[in-house]
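The structure under discussion appears below in the form of structure tokens.
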Amino acid sequence: MTQTTNRQRRRGIIRPLALVAALALALSACGAPAAAPPGQTGTGAAGGGGGGSKVVIGIGGQTLLTYLPTTLAQELGYYQDEGVNVELQDLQGGSKALTAMIGGSTHVTSGYYEHTIQMQAKNQKVKAFVDMGESSGLALLVAPKNEGKIKSIADLKGKNVGVTSPGSSTDMFVKFLLAKNGMQQTDAAVSAIGAGSSAVAAMEQGQVDAAVMLEPDISVLTKRIGHEPVLLEDVRTAEGLREVFDTDSWPSSSLYAKTEWLDQNKETAGKLAKAIKRTLEYIDGHSGEEIAAAMPEKFSGGDKALYAKVIEELKATLSKDGAFTEEGAQAVLKTQQVANPEVGNKEIKLEETYTNEFLK
């Protein structure tokens, strides 16, 4: 989105400011997006039909577009079609969604695949069973107050960087970038700013010096500050992904659960995986306009034409079939080995962190 460097221009992510501002206005018109407090039911919660016990899925920020397939599957009636009763809970970040599942408040998490690797390093068995994202969709932005002062990752030394919550993928992204640039993880502090309106406010009001954000929050911030924010790194495109992670595939948003739960609920897990796979196929075969029309009204802020354009861009970052690849899993492991001391050089059995068996 920014035109501040040649590298960012090569990524092809520049969009007209008028479009971004209009979208941001539309999204903010309804007071969204703002993540609900932990445990609060999200859009389309409870219900969805289907027999058997209810399955509670905790989402690491439901309004974030990276998790769109989880909500869209319910809006399309695919969970119901598969015969599973799903409740969606909107949580304030990936690590909080993970914590809720480990604590038993939810059964399944709609979060980032890397958490399964982190949990194995802690001797807890968690496994992802359907992949939604081929890229993390993250961008590291400079707060307006520091534009012209922070021009590189090295300039983050001694600064405070906003993340959705400590331990989330946004946090891991900061740590990875610091390490990649020869810095210590302690060189920059991180602060939890959540997602949605709280994250935008933290940046606009200068509560943090920089932040890792996702769409649509970046567009909302753009509207609020009146110009395109400065980007230090951006992995929302294939070019950016290769530049930062040196890979064409980096599994991100996924459905994962405790391995024990999966073993005991194979039929239910299969239904969930198939519902998401059908949703990904729907996204691939339909326009952004059609997808926007199927999403909850409040997500578009009353302007589905603009919302559709952002969804159209999102499609390039999503999986087409829900399947994990060994190459992608290896890429995520490498970033964890660099960014996360709790993983470090520990022996990780990747085959135990993901499975494609439920997609069949």
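Tabulated data for the structure shown
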item	result
Residues (out of contact with any Phe, Trp or Tyr (no Cβ under 6 Å at 6 or more places or on another chain), of a type in the set (Ser, Thr, Tyr) and over 24 Å from residue 112 (Cβ atoms)) located in the range 277-336	287
Test: residue 210 is surrounded by 16 or more Cβ atoms within 10 Å (Cβ to Cβ), over 16 Å from the mean Cα position of the chain (by Cα), of a type outside the set (D, E, K, R) and closer than 30 Å to residue 323 by Cα	no
Unmet criterion (only one of (1) among the polar types (S, T, N, Q); (2) open to solvent by 50 Å² or more (accessible area, probe 1.4 Å); (3) in contact (Cβ under 8 Å) with a residue 12 or more places away in the chain) for residue 205	(3)
Residue within the range 124-143 that is part of a helix (DSSP H, G or I) and of a type outside the set (Asp, Glu) present	no
Pair list, Cβ < 6 Å and 6+ apart or interchain, from the range 252-263 residues that are open to solvent by less than 20 Å² (accessible area, probe 1.4 Å) to residues that are of a type in the set (Asp, Glu) and at pLDDT 95 or above	254/131
Top-ranked residue in the range 217-230 [being open to solvent by less than 10 Å² (accessible area, probe 1.4 Å) and more than 18 Å from the chain's Cα centre (by Cα); ranked as nearest to residue 201 (Cα to Cα)]	222
Some residue of the range 312-322 being among the charged types (D, E, K, R), open to solvent by 10 Å² or more (accessible area, probe 1.4 Å), within 26 Å of residue 350 (Cα to Cα) and in contact (Cβ under 8 Å) with a residue 40 or more places away in the chain	yes
Qualifying position, being under 28 Å from residue 253 (Cβ atoms) and open to solvent by 50 Å² or more (accessible area, probe 1.4 Å), among 151, 180	180
Residue that is farthest from the chain's Cα centre (by Cα) [pool: residues in the range 53-91 that are closer than 20 Å to residue 116 by Cβ and in a loop (DSSP other than H, G, I, E, B)]	91
Of all residues making up the range 231-249, the number that are assigned to a helix (DSSP H, G or I) and either touching a strand residue (DSSP E or B) at 6+ places or on another chain (Cβ under 6 Å) or open to solvent by less than 10 Å² (accessible area, probe 1.4 Å) (or both)	3
Residue match in the range 126-138 (condition: modelled with pLDDT under 95, open to solvent by 20 Å² or more (accessible area, probe 1.4 Å) and more than 29 Å from residue 320 (Cα to Cα))	no
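The values are calculated or read from the model by the stated rules, or taken from the named source; none is laboratory data. Treat the numbers as computed from the prediction; the structure is a model and nothing was measured. No Cβ is skipped: glycine too gets one built from the backbone with ideal geometry, and neighbour counts run over all protein chains shown. Heads up: the accessible areas ignore ligands, DNA and RNA and are worked out on the full protein's heavy atoms, side chains in. Shrake-Rupley method; radii C 1.70, N 1.55, O 1.52, S 1.80 Å.
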